[in-house]
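S.K.: Quick one: structure below, then a few questions.
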Amino acid sequence: GENVEQHPSTLSVQEGDSAVIKCTYSDSASNYFPWYKQELGKGPQLIIDIRSNVGEKKDQRIAVTLNKTAKHFSLHITETQPEDSAVYFCAGSRAGGADKLIFGTGTRLQVFP
Amino acid sequence: NAGVTQTPKFQVLKTGQSMTLQCAQDMNHNSMYWYRQDPGMGLRLIYYSASEGTTDKGEVPNGYNVSRLNKREFSLRLESAAPSQTSVYFCASSYGTGAYNEQFFGPGTRLTVL
């Protein structure tokens, strides 16, 4: 079955710097890769996703890239702000089936003012 | 819209006790899920319900049972709690389980089993 690995487990950046979180997946049939943000004491919330027919997707300061050949995808946050501090999870699934989402282990991002 | 709500927020149980975690959504979603979140392990799917009247096992179903009470409500029951079930439990819902359906998560229940 699918296995999703996520690195790093913690990441500290200065406000205004960029942050990059990387994930690799094992199932070459996976074709949907969402990213979730979890703030302290709350449930995860979808922030961006990418499908396997697209190499990159951007939404304001957030972008996700996908390399199908290498089976890895990354989250890029530019111009980080203190409110970006949270735990970020990547996930992968085959055929976009929600019941088959496999999550990475999470990255705790701290943005220092 | 409250979204996805969960009760209780916190619970402490002794080994062998039973309890039911409640989840409700007001988004008219068809599909609902239960996950557990453990340190260093991300979220793992326990059970899900693709639609009212159906339930299926996820990645870690042992020790749990679920009931899809109606379209809005999906409960998770621990019949005989064990310390290994100490975790944070999240309920989620989505319009369907088909391609690319966004899952909306509740705030979680932190469960400790002594």
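S.K.: Determine the dipole magnitude for chain A: charges of +1 sit on the beta-carbon of Lys and Arg, -1 on that of Asp and Glu, nothing else is charged, the reference point is the Cα centre, and the result goes in debye to the nearest 20.
M.R.: Here the size comes out at about 340 debye.
S.K.: Could you estimate the translational diffusion coefficient of region A:8-57 from the Stokes-Einstein equation, with Rh from the Kirkwood formula over C-alpha pairs, at 4 °C and 1.567 mPa s, in whole µm²/s?
M.R.: Value of D from the Cα-based Kirkwood radius: 97 µm²/s.
S.K.: In whole Hz, with x marking every Gly and Pro, tabulate ³J(HN,Hα) for region B:105-114 from phi via Karplus 6.51 cos²θ - 1.76 cosθ + 1.60, θ = phi - 60°.
M.R.: Couplings: 9, x, x, x, 10, 8, 10, 10, 10, 8 Hz.
S.K.: Oh, and also: Starting from the Cα coordinates of region A:1-105, work out the convex hull volume and express it per residue in Å³.
M.R.: Convex hull volume per residue, Cα atoms: 96 Å³.
S.K.: For region B:1-108, what relative contact order do you get, as a whole percent, if you take Cα pairs closer than 8 Å and at least 6 residues apart?
M.R.: For region B:1-108, the relative contact order is 33 percent.
S.K.: So what are the radius of gyration and Dmax for the Cα set of the protein assembly as shown, in Å?
M.R.: According to the Cα coordinates of the protein assembly as shown, Rg and Dmax are 17.5, 50 Å.
S.K.: Could you list, bin by bin from short to long, the percent of Cα-Cα pairs of region B:1-57 in 10 Å steps?
M.R.: Per 10 Å bin, starting at 0, the Cα pair percentages come out as 17, 44, 34, 5.
S.K.: Write down the radius of gyration of region A:51-102 and its Dmax, each obtained from C-alpha positions, in Å.
M.R.: 12.7, 35
S.K.: Can you send over the carbon and sulfur percentage of the accessible area for the protein assembly as shown, probe radius 1.4 Å, protein chains only?
M.R.: Carbon and sulfur together cover 48 percent of it.
S.K.: Right, here's the next one. Could you list the trypsin sites (Lys or Arg not before Pro) in region B:1-56 that lie in coil according to DSSP, counting only those with at most 12 other Cβ atoms within 10 Å of their Cβ?
M.R.: When the trypsin sites (Lys or Arg not before Pro) of region B:1-56 are filtered for loop state and at most 12 Cβ neighbours within 10 Å, B:9, B:14 remain.
S.K.: Rounding to the nearest 20 debye, state how big the charge dipole of the protein assembly as shown is about its Cα centre with +1 on each Lys and Arg Cβ and -1 on each Asp and Glu Cβ.
M.R.: Taking the Cα centre of the protein assembly as shown as origin, the dipole is about 400 debye.
S.K.: With θ set to phi - 60° and the Karplus curve 6.51 cos²θ - 1.76 cosθ + 1.60, what are the ³J(HN,Hα) couplings of region B:79-91 in order, to the nearest whole Hz, using x for Gly and Pro?
M.R.: Whole-Hz 3J(HN,Hα) from phi for region B:79-91: 6, 9, 5, 10, x, 5, 8, 4, 5, 9, 9, 10, 9.
S.K.: With unit charges on the beta carbon (Lys/Arg positive, Asp/Glu negative), name the residue among B:85, B:41, B:106 whose Cα is farthest towards the positive pole of the charge dipole of chain B.
M.R.: It is B:85, whose Cα lies furthest towards the positive end.
S.K.: Using θ = phi - 60° and the Karplus form 6.51 cos²θ - 1.76 cosθ + 1.60, what ³J(HN,Hα) does each residue of region B:42-58 get, whole Hz, x for Gly and Pro?
M.R.: In residue order, the calculated couplings are x, 9, 10, 6, 8, 8, 9, 10, 5, 7, 4, x, 10, 9, 9, 6, x Hz.
S.K.: OK, next. Taking +1 at the Cβ of each Lys and Arg and -1 at the Cβ of each Asp and Glu, which of A:60, A:26, A:11 sits farthest along the dipole of chain A towards its positive end, judged by Cα position relative to the Cα centre?
M.R.: A:26
S.K.: Here's another thing I want to ask about it. How big a patch of accessible area, both sides summed and in Å² to the nearest 100, lies buried between B and A at a 1.4 Å probe?
M.R.: Accessible area lost upon association: around 1700 Å².
S.K.: Quick one: which residues, 5+ away or cross-chain, put their amide H under 5 Å from the amide H of residue A:86? H built at 1.01 Å from N.
M.R.: Here the answer is A:109, since their amide H atoms fall under 5 Å of that of residue A:86.
S.K.: Under 5 Å between amide hydrogens, which residues at least 5 positions from residue A:48 or on another chain qualify, with H placed 1.01 Å from N in the peptide plane?
M.R.: Excluding prolines and chain starts, which carry no amide H, the hits are A:35.
S.K.: Please state the relative contact order of chain A as a whole percent: Cα pairs under 8 Å, 6+ residues apart?
M.R.: 37
S.K.: If you don't mind, there's one more thing I want to ask. How high is the FRET efficiency between residue A:57 and residue A:18 when r is their beta carbon distance and R₀ equals 22 Å, given to the nearest 0.05?
M.R.: Given R0 = 22 Å and the Cβ-Cβ separation, E is 0.85.
S.K.: Once amide H atoms are built 1.01 Å from N in the peptide plane, which residues 5 or more positions from residue B:29, or in another chain, come under 5 Å H to H?
M.R.: none
S.K.: Using a simple charge model, +1 on the beta-carbon of Lys and Arg, -1 on the beta-carbon of Asp and Glu, nothing else, what dipole does chain B show about its Cα centre, in debye to the nearest 20?
M.R.: 260
The values are calculated or read from the model by the stated rules, or taken from the named source; none is laboratory data. Computed from a predicted structure; not experimentally measured. With ideal geometry, Cβ positions are generated from the backbone for all residues, glycine too; neighbour counts draw on all protein chains shown. Calculation scope for accessible area: heavy atoms of the full protein, side chains included, ligands and nucleic acids excluded. Shrake-Rupley method; radii C 1.70, N 1.55, O 1.52, S 1.80 Å.
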